[in-house]
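The values are calculated or read from the model by the stated rules, or taken from the named source; none is laboratory data. All figures in this text were calculated on a predicted structure; none of them were measured in a lab. Every residue, glycine among them, receives a Cβ derived from its backbone with ideal geometry; neighbour counts consider all protein chains shown.
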């Protein structure tokens, strides 16, 4: 149970309980992801495993869709299978903290957008209206994902559709726009409620500040280039990047027409998605996963092309050359995603065979946000002494799963302390946090979770609490610190439970 997953699930709890997003529960994403997160709890129950099962089924559907679309477009079973397999491996190596994201749930839409863009259908309006709905799905999950629309427009311009059939171009994007509008009306329909809309205005006002915490500067672009290079060279891997180059290279030859349309479209989608990451100014690995569908197609084509080239001339190679080829393949395997994939499969096995070892893998002394075992320990300590009806409030950037471990539904309005101790937050959020602490019996505070990018300052939750004169005085006079872990303090209200 990662922190982000816990936040999404708690948003889903709010939906299932009939609460109002942004008023009863604060987070920054559009409403759709929280309604989507209600489904695993509705179908599989409120467990740690249910959202992972839901995500697995969703990604399986994405991989199968990618297999179907590539096979249909390029008429190659092998290309389809390799592309789908690469997507599965890339998604699996994201690790648990980087999966179950808006990017992951948008991938299946990206697959079918590629299909509809390249598929010649006699039903012109319906095809483009459906494509618009798929784009609308991406936007409703995360606004910046809507940049895929500009990739499609660029694709049509490069194909001279804009000049050769201007009226058709206008009709197409009219239908696309109507599809986007319909899906956005559905995806954003919770905002039709006045209280929800008013609360969401606070979110938008805070987002304006939040997106500017990281200033655009020479230093920013250096860090951006470093993160992008790190992704392509390490996570995506040097191995697959080399395959991608093999796939893209023929596009610059005039007479090369093999898979030209799909390769060109995938390059454009990858490029525009990369621009959207830079616009967001966030470089967590899962941000790059929005590019996984087009990158999987490109890398799949490249690998298949290398394989066919080697296979066609293999019988002509000398023993020395064959040995060099085999040694080169063995050499490049460590520079592929396979070692990470194997490690992830081992981790998955530990979840079922040795849960303590599994939990230990998410506890690192050098990472203040990997403290899974401590969170479970805290939940266990509180569960042993907590009386029915006693409230728990967690002050931390990344310890929201404590609520899930305690099986407390709709525990707090706030996913983490950024939303009341971060710079630029609405005063009403801080006041609401105060009211919750006044009513709580158990208070958990992390003492080393400083995060300048999220908060706009480097203070930990405990340091921010100490600077909050109203709340710190109240805590000192009404609470006793009963337990201390490596990174957390646990406070219990004086006289409670007697």
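Assorted remarks:
- Restricting the search to helices (runs of 4 or more DSSP H) fully inside the range 1-89 and requiring at least 2 residues that are under 29 Å from residue 299 (Cα atoms) gives 50-74.
- Boolean, residue 242 is more than 19 Å from residue 88 (Cβ to Cβ) and touching a residue at least 40 places away in the same chain (Cβ under 8 Å): yes
- Meets criteria (assigned to a helix (DSSP H, G or I) and more than 28 Å from residue 261 (Cβ to Cβ)) for residue 178: no
- If only residues of the range 428-445 that are assigned to a helix (DSSP H, G or I) and within 29 Å of the chain's Cα centre (by Cα) are counted, the one that is surrounded by the most Cβ atoms within 10 Å (Cβ to Cβ) is 433.
- When the test is whether a residue is buried (at least 20 other Cβ atoms within 10 Å of the Cβ), over 17 Å from the mean Cα position of the chain (by Cα), modelled with pLDDT under 95 and farther than 21 Å from residue 376 by Cβ, residue 22 passes it.
Condition check ((1) crowded, with 21+ Cβ neighbours inside 10 Å; (2) within 26 Å of residue 177 (Cα to Cα)) across all residues:
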position: 66; (1), (2): yes, yes
position: 77; (1), (2): no, no
position: 81; (1), (2): no, no
position: 84; (1), (2): yes, no
position: 92; (1), (2): no, no
position: 96; (1), (2): no, no
position: 105; (1), (2): yes, yes
position: 120; (1), (2): no, yes
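- Hey, residue 139 touching a residue at least 24 places away in the same chain (Cβ under 8 Å), within 30 Å of residue 266 (Cα to Cα) and either touching a helix residue (DSSP H, G or I) at 6+ places or on another chain (Cβ under 7 Å) or outside any helix (DSSP H, G or I) (or both) or not: yes
- Summed over the range 202-232, the residues that are surrounded by 13 or more Cβ atoms within 10 Å (Cβ to Cβ) and in a helix (DSSP H, G or I) give a count of 15.
- Residue within the range 381-394 that is in a helix (DSSP H, G or I) and either exposed (fewer than 11 other Cβ atoms within 10 Å of the Cβ) or without any contact (Cβ under 8 Å) to a residue 40 or more places away in the chain (or both) present: yes
- Every test in (1) outside any loop (DSSP other than H, G, I, E, B); (2) closer than 30 Å to residue 201 by Cβ; (3) under 28 Å from the mean Cα position of the chain (by Cα) is passed by residue 356 save one, and that test is (2).
- Filtered residue count, the range 351-375, keeping only those that are buried (at least 16 other Cβ atoms within 10 Å of the Cβ) and at pLDDT 75 or above: 5
- Qualifying residue in the range 303-325 (condition: at pLDDT 80 or above, closer than 19 Å to residue 232 by Cα and part of a helix (DSSP H, G or I)): yes
- When the range 92-136 is filtered for residues that are under 25 Å from residue 3 (Cα atoms), part of a helix (DSSP H, G or I) and either in contact (Cβ under 8 Å) with a residue 60 or more places away in the chain or over 17 Å from the mean Cα position of the chain (by Cα) (or both), the ones remaining, listed by number, are 92, 96, 97, 98, 102, 103, 104, 105, 106, 107.
- Any pair with Cβ under 9 angstrom, 6 or more apart, that starts in the range 277-297 at a residue that is at positive phi and touching a residue at least 60 places away in the same chain (Cβ under 8 Å) and ends at one that is in a helix (DSSP H, G or I) and buried (at least 18 other Cβ atoms within 10 Å of the Cβ): none
- No other residue among 423, 448 is touching a residue at least 60 places away in the same chain (Cβ under 8 Å) and within 22 Å of residue 379 (Cβ to Cβ) apart from 448.
- Of the residues making up the range 398-434, those that are in contact with a helix residue (DSSP H, G or I) (Cβ under 6 Å, 6 or more places away or on another chain) and under 17 Å from residue 97 (Cα atoms) are 398, 399, 400, 401, 402, 404, 405, 415.
- If only residues of the range 234-265 that are within 20 Å of the chain's Cα centre (by Cα) and part of a helix (DSSP H, G or I) are counted, the one that is nearest to residue 297 (Cα to Cα) is 235.
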